[in-house]
Amino acid sequence: MSTSAKLRVLIAEDEVLVSMFLADLVEDAGFEVVGVARTAPDAVALAQQHRPDIALMDANLKGGASGIAAAEAMARDQDIAIIFISGDSGLADDPAVAALKPVAVVEKPCMPDDLTAVLQRAARLRNAD
């Protein structure tokens, strides 16, 4: 896809198999995966290092701080499109999530085509800037 060919995606997901699935899906959609983080501090560090265009964030990362806190830190430091992916069906109603104005909140499990469509929407938003 031409609109996403140069866009860089950071994945923050603590479940190894899920992160592998997400990385494959992101690459198959024509995006570049710049890093996969398992914890919130790692996600923030990778975002500072690689300056991704899009962050695909699990809201409930292991290791202390949440994916929401990591996304807040990233958004303070850079212009980044946030996509939350979580098994928490009420996540979209969380005021901290709403304040970040994510591109989408996707509930796990999700269909690959649905997540690809969300990534493509994020790409269109980034390219419109």
- How big is the gap, in Å, between the Cα center of segment 90-123 and the Cα center of segment 1-74? 13
- So which lysines pass the test for residue 62, namely a Cα distance under 22 Å, with those fewer than 8 places away in the same chain ruled out? 108
- Message: Explain nothing, just the number: relative contact order of the chain, from Cα pairs under 8 Å at least 6 residues apart, as a whole percent.
- Response: 24
- A student applying the Cα gyration tensor rule (rounded when a/c is under 1.5; otherwise prolate if a/b is larger than b/c, oblate if not) would label the chain rounded
- Message: Give the aspartates and glutamates whose C-alpha is closer than 17 Å to that of residue 101, dropping any in the same chain fewer than 8 places away, or say none.
- Response: 53, 58, 72, 77, 79, 93, 129
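Just so you know, all these numbers are worked out from the coordinates, no wet-lab data involved. On a predicted model such as this, the values are computed, not experimentally measured, just so you know.
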